[in-house]
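Take a look at the structure below.
The values are calculated or read from the model by the stated rules, or taken from the named source; none is laboratory data. Everything numeric in this text was worked out from a predicted model, so none of it was measured. Reconstructed Cβ throughout: ideal geometry from the backbone, glycine too, with neighbour counts over all protein chains shown. Accessible surface areas use protein heavy atoms only, side chains included; no ligands, DNA or RNA. Shrake-Rupley method; radii C 1.70, N 1.55, O 1.52, S 1.80 Å.
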Amino acid sequence: MKHMIRLLEMTYDNLAAALADRYGKGTYHASMVYKEFYKNRNPRAWTARGIEASTGLVAQLRRDLAFAPGNVVDEVVQDGVAKFVTALADGHRIESVILPLETHHTICVSSQAGCRMGCRFCETARMGFVRHLTVEEIVGQVYTARQRYGDFIRNVVFMGMGEPFDNFDAVIQAVRVLSDQRGLDIAQRYITVSTAGRIDGIEKLSALDMPHLKLAVSLNAPNDTLRNTLMPINNTAPLAMLQKALKAYPLKKGYNIMVAYVLIAGVNDSSDCARQLTDWLAPLRAKVNLIPFNPGTGTSALYRPPTETEIEIFRQKLIDAGVNVQKRLSRGCDLMAACGQLSSRKTTRR
Ligand code: SAH
């Protein structure tokens, strides 16, 4: 038996090829079905207008179209930040966060259930690795968000649970589907893939023709001794190698690599750290996102968030050294929806 057709895994071209291959149909039917599914947000896409006359096709699609992004089982909103929890078909739970900005919303999606990176300060790491998400489960988070919040959802960041480059192929296919103009139409320049520093992933991405897709790297420590203790990946992909891979990355004119730096009081916020960070960034075209450490249920005993003054002092040192830096708002703190706080064990219920 042929596989089901999973529209959430398909670009328009993929669908057109599938309809031609299976049912001998031309692109007209594909475009009606794709539009019904993505523009009208109707999962029962065989009910698309304009294909009723092809009764055979309608029956086949009704039988063959599968739609299983999981069920939203919990949703909490606070200060405008929404977090929704999706139960996947096998019962595992993942989280997505929606951050409203003035003209649009950003959705932070998960690429894995759990994560195997083991970063010491991160709540998701404490869950360990559960499994990769499928393309359908990744794109499904955005589809579901669009159903609930409409076209305000404009930006997608792969900064939820998981390491996107551990699940490279699914993440890249998800980017292609998300950015398909006939569907969700989220331009690649509005999509950011964030890595803890998998160099092979950075290199693989370099080789793809996706010059507008944004790349973010979670640095969090400016020397190997400290980074080895905070982020185990540094033992095999140390700072010099990471820097070299980023230098070789074919960055479009006017674009920057986003460098995330989670500021942890007394750990990585010294003057030395600011200087080392400045030096490490010097050969790169990068923009630093300073993220104040968010204590989680399991990490709060280990680390302390910086005060506003401590953040300002560190930020000012970077500015004085000519570094392009911005402080990221970490809203969603009380919801456990902020960076590094996504863990399916901790769900605030109202
Ligand atoms: N694995 C990828 C994608 C996850 S992004 C990556 O590491 O980039 C999640 C972001 O939240 C990362 O930049 C991470 O460094 C940051 N983060 C993790 N734990 C945090 C915490 N407790 N407080 C603030 N930021 C945290």
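Out of all the residues in the stretch 170-178, is one or more of a type in the set (A, V, I, L, M, F, W, C), crowded, with 20+ Cβ neighbours inside 10 Å and within 13 Å of the ligand (Cβ to nearest atom)?
Yes: one or more hits.
Residue by residue, here is whether (1) loosely packed, with under 13 Cβ neighbours inside 10 Å; (2) touching a residue at least 60 places away in the same chain (Cβ under 8 Å); (3) touching a strand residue (DSSP E or B) at 6+ places or on another chain (Cβ under 8 Å) holds:
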residue	(1), (2), (3)
Ala20	no, no, no
His29	no, no, no
Tyr34	no, yes, no
Arg41	no, yes, no
Thr47	no, no, no
Ala66	no, yes, yes
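Which residues, counting only those in the stretch 313-328, are surrounded by 13 or more Cβ atoms within 10 Å (Cβ to Cβ), more than 11 Å from the ligand (Cβ to nearest atom) and either more than 29 Å from Ala248 (Cα to Cα) or of a type in the set (D, E, K, R) (or both)?
Ile313, Arg315, Lys317, Lys327
Return the pair list, or none, for Cβ contacts closer than 7 Å from residues in the stretch 277-305 that are within 11 Å of Asn324 (Cβ to Cβ) and among the small types (Gly, Ala, Ser) to residues that are modelled with pLDDT of 95 or more and open to solvent by less than 20 Å² (accessible area, probe 1.4 Å), at least 6 apart or on different chains.
Listed pairs, sorted by first residue: Ala286/Ile257; Ala286/Val259.
I want to confirm something. Restricting to the stretch 121-140 and keeping residues that are assigned to a strand (DSSP E or B) and touching a Gly at 6+ places or on another chain (Cβ under 7 Å), which single residue is most open to solvent (accessible area, probe 1.4 Å)?
The extreme case among them is Phe129.
Tell me, please, whether a residue that is more than 30 Å from Gly91 (Cα to Cα) and either small (Gly, Ala, Ser) or in a loop (DSSP other than H, G, I, E, B) (or both) can be found in the stretch 165-183.
Yes, the stretch 165-183 has at least one match.
Here are the criteria: (1) in contact with a helix residue (DSSP H, G or I) (Cβ under 6 Å, 6 or more places away or on another chain); (2) within 16 Å of the ligand (Cβ to nearest atom); (3) not in a helix (DSSP H, G or I). Tell me which single one Val157 does not satisfy.
(1)
May I ask you to list the residues in the stretch 141-164 that are open to solvent by 10 Å² or more (accessible area, probe 1.4 Å), out of contact with any Cys (no Cβ under 9 Å at 6 or more places or on another chain) and among the hydrophobic types (A, V, I, L, M, F, W, C)?
Phe152
Anything in the stretch 97-120 that is of a type in the set (S, T, N, Q), more than 10 Å from the ligand (Cβ to nearest atom) and open to solvent by less than 20 Å² (accessible area, probe 1.4 Å)? List them, or say none.
Listed by number, the list holds a single entry, Thr106.
Give the residues of the stretch 101-146 that are in contact with a Pro (Cβ under 9 Å, 6 or more places away or on another chain) and polar (S, T, N, Q), sorted by residue number.
The answer is Thr106, Ser111, Gln112, Gln141, Thr144.
Looking only at the stretch 144-193, count every residue that is in contact with an Asp or Glu (Cβ under 9 Å, 6 or more places away or on another chain) and of a type in the set (Ser, Thr, Tyr) and tell me the total.
The qualifying residues number 1.
Matching residues to (1) within 15 Å of the ligand (Cβ to nearest atom); (2) under 23 Å from the mean Cα position of the chain (by Cα):
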{"site": "Asn223", "(1), (2)": "no, no"}
{"site": "Asn235", "(1), (2)": "no, no"}
{"site": "Met241", "(1), (2)": "no, no"}
{"site": "Leu251", "(1), (2)": "no, yes"}
{"site": "Ala260", "(1), (2)": "yes, yes"}
